[in-house]
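So the structure is just underneath, and the comments pick up after that.
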Amino acid sequence: MNLTQLQQRLGELRTQATDALEEIRANTEPSRVTELEQRHDTIMAEYDRTVAGIEREERHARLEASFEERSERQRNVRRPGSQGEQRGGGQEGEGPSYADAFYAYIRAQGQAGMLTPEERSVLQRGYQNVPKEEQRALVTGTNSAGGYTVPTELQAELIRTMKLWGPMYDPGVTRELVTTGGNPIPWPTVDDTGNTGAATTQGTTLPDDGSGDPAFGQKQLDAFAYATPWIRVSKELTDDSALVMQSVLSDLLGERLGRLANAQLTTGSGSSAPNGIVTATSAGKTAASTTAFTADEIIDLEHSIDAAYRSSPSFGFMFNDMVLAAIRKLKDGQGNYLWAAGNFQQGVPSTINGRRFWVNNAMSSTFTTGQKLIVCGDFTKYCVRKVGAPLVGAIQDKDFWPGFGIAGWIRFDGELLDTAAIKHLKLA
């Protein structure tokens, strides 16, 4: 089905799921309820597959649009060395950047004689101090190493296996702090919730014994750097592939950095690494079972956090997709499911107990003793510090020539600034 058909089908499934749920609520006969629950689970399984299909189609549409945009730009670029072509992208009088020279080399199909002297000079200088490690090059002769991108007919579609990796590095989930430098950032904290006042009488001297002084603390946001290994791409693959290999690999490396960042911001140890949100939180509720949790225990988790935090629009739940599957089968004391379907077409998210949630597959999906399965709270109290933006860079020097190497780099940190704001549920 195309995107329009998938969206129509999603609306139909939402209506069917709602109808099935209403029938469950209206029926008290156990055998009929069991039948309706099985029907509801079947509908929701198709609902999930349809949502995944819509996301896949939208992602592919963005890829196609990006590829077409790049192709159009390349068609409009004059041949390197022709009169009137501007290079460098900087201010007047500046030479070409390495990226400009590299793109010119790719457009010239590896013919260095078609480049300007300035571009050749930039490429020859390359980057200094590149590690000289033995690396496997992506080549056209091996399908799994890139050969599948070389078409026998005009076909420029790349089928990519996808895997969810968000959402801790995504904007709009946690508190985001972007800095240009990586110097440590001290962050003062205070918990004054245990202090109040007391009644006094006329003429009584107020106590001055330090008992009312607030206790300040401090946390620190650092900047930890991570990188991907070099990917070596052969000149033959660059020439023969119907895809813009640098663009394709840039997308893949970006996703690798995203998976890495999400994992560290979720379960990082806090020692020479981000203090992951699961690591940093304390237990709000411990389930009675070692292999499951109940609807009441999720409600207990929610209410283990002060109402001052629960009123925040950023309050919600986070868990693995397999944990979501278990939650969707739970009902409250009135027989209502905790999970409620949203409206994908209108941008309305599904909810748990009326709260929004985020699926994070870096969290545990194992239902065994001591596993922290659900995190709940005001997620803006967890701060993700980003140093600039992730970098994906391609270089071409004597170690890579006539092909090129491409790698990714990212620098960030994460810390729970207020431990009262977010807590977790764990199994006994």
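The values are calculated or read from the model by the stated rules, or taken from the named source; none is laboratory data. These numbers were taken from a predicted model, which means no experiment stands behind them. With ideal geometry, Cβ positions are generated from the backbone for all residues, glycine too; neighbour counts draw on all protein chains shown. Surface areas here come from the heavy atoms of the whole protein model, side chains and all, with no ligands, DNA or RNA. Shrake-Rupley method; radii C 1.70, N 1.55, O 1.52, S 1.80 Å.
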Per-region count, region 296-317, residues touching a Gly at 6+ places or on another chain (Cβ under 8 Å) and aliphatic (A, V, I, L, M): 2
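Starting from residues that are closer than 30 Å to Arg385 by Cβ and assigned to a strand (DSSP E or B), keep the ones in region 226-244 and report whichever is most open to solvent (accessible area, probe 1.4 Å). Walk me through how you get there before you give the answer.
Here is the first cut: in region 226-244, the ones closer than 30 Å to Arg385 by Cβ are 226-231.
From what is left, the residues that are assigned to a strand (DSSP E or B) are 226-227, 231.
Details: Tyr226: 44, Ala227: 64, Ile231: 23 Å².
In this case the residue turns out to be Ala227.
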All positions within region 245-276 that are open to solvent by 10 Å² or more (accessible area, probe 1.4 Å), hydroxyl-bearing (Ser, Thr, Tyr) and in contact (Cβ under 8 Å) with a residue 12 or more places away in the chain: Ser247, Ser250, Thr267, Ser272
Residue within region 340-350 that is open to solvent by less than 20 Å² (accessible area, probe 1.4 Å) and touching a residue at least 12 places away in the same chain (Cβ under 8 Å) present: no
Identity of the residue in region 19-49, hydroxyl-bearing (Ser, Thr, Tyr) and open to solvent by 30 Å² or more (accessible area, probe 1.4 Å), that ends up farthest from Tyr337 (Cα to Cα): Ser31
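Against the definition (assigned to a helix (DSSP H, G or I) and in contact with a Pro (Cβ under 6 Å, 6 or more places away or on another chain)), how does Leu249 come out, yes or no?
Working: assigned to a helix (DSSP H, G or I): yes; in contact with a Pro (Cβ under 6 Å, 6 or more places away or on another chain): no.
No, not satisfied.
This table checks each residue for (1) part of a loop (DSSP other than H, G, I, E, B); (2) among the aromatic types (Phe, Trp, Tyr).
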| position | (1), (2) |
| --- | --- |
| Arg356 | no, no |
| Asn361 | yes, no |
| Phe367 | yes, yes |
| Gly393 | no, no |
| Trp401 | yes, yes |
| Ala407 | no, no |
Complete set of residues in region 396-412 that are open to solvent by less than 10 Å² (accessible area, probe 1.4 Å) and touching a Phe, Trp or Tyr at 6+ places or on another chain (Cβ under 6 Å): Gln396, Gly405, Ile410
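Rundown of residues vs (1) at positive phi; (2) part of a loop (DSSP other than H, G, I, E, B); (3) polar (S, T, N, Q); (4) open to solvent by less than 60 Å² (accessible area, probe 1.4 Å), yes/no style:
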| residue | (1), (2), (3), (4) |
| --- | --- |
| Val278 | no, no, no, yes |
| Ser289 | no, yes, yes, yes |
| Phe293 | no, yes, no, yes |
| Leu301 | no, no, no, yes |
| Met318 | no, no, no, yes |
Residues that are assigned to a strand (DSSP E or B), open to solvent by 10 Å² or more (accessible area, probe 1.4 Å) and closer than 18 Å to Gly217 by Cβ, drawn from region 413-425: Glu415
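Return the total of residues in region 182-225 being open to solvent by 90 Å² or more (accessible area, probe 1.4 Å) and outside any loop (DSSP other than H, G, I, E, B). Walk me through how you get there before you give the answer.
Keep residues of region 182-225 that are open to solvent by 90 Å² or more (accessible area, probe 1.4 Å), which gives 183, 188, 191, 193, 196, 198-199, 201-202, 205-209, 213, 216, 218.
With outside any loop (DSSP other than H, G, I, E, B) added as a condition, the list becomes 188, 216, 218.
Residues in region 182-225 being open to solvent by 90 Å² or more (accessible area, probe 1.4 Å) and outside any loop (DSSP other than H, G, I, E, B): 3 in total.
Among residues belonging to region 329-338 that are open to solvent by 20 Å² or more (accessible area, probe 1.4 Å) and in contact with a Lys or Arg (Cβ under 9 Å, 6 or more places away or on another chain), point out the one that is nearest to Ala292 (Cα to Cα). Explain how you work it out, then say what you get.
Here is the first cut: in region 329-338, the residues open to solvent by 20 Å² or more (accessible area, probe 1.4 Å) are 329-337.
If we keep only those that are in contact with a Lys or Arg (Cβ under 9 Å, 6 or more places away or on another chain) as well, we get 334-337.
Numbers: Gln334: 21, Gly335: 19, Asn336: 19, Tyr337: 17 Å.
Across region 329-338, the extreme among qualifying residues is Tyr337.
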